[in-house]
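Asks: For reference, the structure I am asking about is given below.
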Amino acid sequence: VENKIGQIFDSFVGRKFEQVSEEALLVLNRKKELPFIFDKISRFWDKAKTGPVEIDRIAVNEKEKKLLIVECKWSEKVSPKTLLNSLEDKVSRIPTFANYEVFHALFAKSFSQDLNESKTQLFDLKKLEKTFS
């Protein structure tokens, strides 16, 4: 049983980590601690001409034309630059977002380094704990 659970544990926790990340964003939105106040948040999937695009969460303020693109990785020492580059590639493939100002929120157990990008916030487990305190 332990072996079977071990095989699917990270996948299961990864999905739950996305839900926890969304809850954290809802808390931060209420506290007005994000770059803008969003109206809605959801998973995103699109059949772009260049292939399918899946984004863990997107928070939108349609009136202000602002997007918060969210990526969650249930991993240690994640490279924030690699994650950010991947997200920027995804967003560039979706014409609907061309007129939006884009911000990023990256979630992971931990990051391999800090990232000095004005429109990107990093959330590791320690920062998440503070969010819910």
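The values are calculated or read from the model by the stated rules, or taken from the named source; none is laboratory data. These numbers come from a predicted model, not from an experiment. Here the Cβ positions follow ideal geometry from the backbone for every residue, glycine too, while neighbour counts run over all protein chains shown. We work out accessible area using only protein heavy atoms, side chains counted, and drop any ligands, DNA or RNA first. Shrake-Rupley method; radii C 1.70, N 1.55, O 1.52, S 1.80 Å.
Asks: Could you tell me whether region 1-42 comes out rounded, prolate or oblate from its Cα gyration tensor? Rule is a ≥ b ≥ c as square roots of the eigenvalues, rounded for a/c under 1.5, then prolate if a/b exceeds b/c, otherwise oblate.
Replies: Values: a/c = 5.57, a/b = 3.95, b/c = 1.41.
Because a/c hits 1.5 or more and a/b exceeds b/c, region 1-42 counts as prolate.
Asks: Within the chain, what whole-number % of the accessible surface is contributed by carbon and sulfur, with the 1.4 Å probe and all protein chains included in the calculation? The partial results should precede the final answer.
Replies: Details: 4160 of 8340 Å².
Answer for the chain: carbon and sulfur cover 50 percent of the accessible area.
Asks: Largest first, please: the extent of the C-alpha atoms of the chain along each principal axis, to the nearest Å.
Replies: Taking the Cα atoms of the chain, the three principal extents are 50, 39, 27 Å.
Asks: What pairs from Lys77/Lys127; Lys4/Lys81; Lys31/Lys81; Lys66/Lys90; Lys65/Lys126 go past 24 Å between their alpha carbons? Each step should come with its number before you reach the end.
Replies: On the way: Lys77/Lys127 15 Å; Lys4/Lys81 34 Å; Lys31/Lys81 27 Å; Lys66/Lys90 16 Å; Lys65/Lys126 31 Å.
Listed pairs above 24 Å: Lys4/Lys81; Lys31/Lys81; Lys65/Lys126.
Asks: Something else now. If you line up the long axis of helix 2-30 against the longest principal axis of the chain, both from Cα atoms, how many degrees apart are they, to the nearest 10?
Replies: Once rounded, the angle reads 40 degrees.
Asks: Give the calculated FRET efficiency between Lys81 and Thr50 to the nearest 0.05, with a Förster radius of 30 Å applied to their Cβ-Cβ distance. Could the numbers behind the result be given before it?
Replies: Numbers: r = 22 Å, r/R0 = 0.74.
FRET efficiency, Lys81 to Thr50: 0.85.
Asks: Then there is this: Could you check what % of the DSSP bridge pairs in the chain are antiparallel, to the nearest 5? List each step's numbers first, then the result.
Replies: On the way: 13 of 26 bridges.
Close to 50 percent.
Asks: How much length is gained on full extension from Glu33 to Ser110, taking 0.36 nm per residue of separation minus their Cα-Cα distance?
Replies: Stretched out fully, the Glu33 to Ser110 stretch lengthens by 25.6 nm.
Asks: Between the alpha-carbon centers of region 1-53 and region 97-116, tell me the distance in whole angstrom.
Replies: Value for the Cα centre distance between the two parts: 13 Å.
Asks: About the Cα centre of the chain, how large is the charge dipole given +1 on each Lys and Arg Cβ and -1 on each Asp and Glu Cβ? Please answer in debye to the nearest 20.
Replies: Numbers: 24 positive and 21 negative charges, 36 e Å.
Here the size comes out at about 180 debye.
Asks: Let me ask something else about it. Return the ratio Rg/(2.2 N^0.38 Å) for region 1-75, where Rg is computed over Cα atoms only. Write out the running numbers ahead of the final one.
Replies: Numbers: Rg = 15.3 Å, N = 75, 2.2 N^0.38 = 11.3 Å.
Rounded to two decimals, the normalised Rg is 1.35.
Asks: Please state the shape class of region 51-109: rounded when a/c is under 1.5, otherwise prolate if a/b exceeds b/c and oblate if not, all from the C-alpha gyration tensor. Before the final figure, lay out each step's value.
Replies: Working: a/c = 2.32, a/b = 1.68, b/c = 1.38.
Since a/c reaches 1.5 and a/b is larger than b/c, the shape of region 51-109 is classed as prolate.
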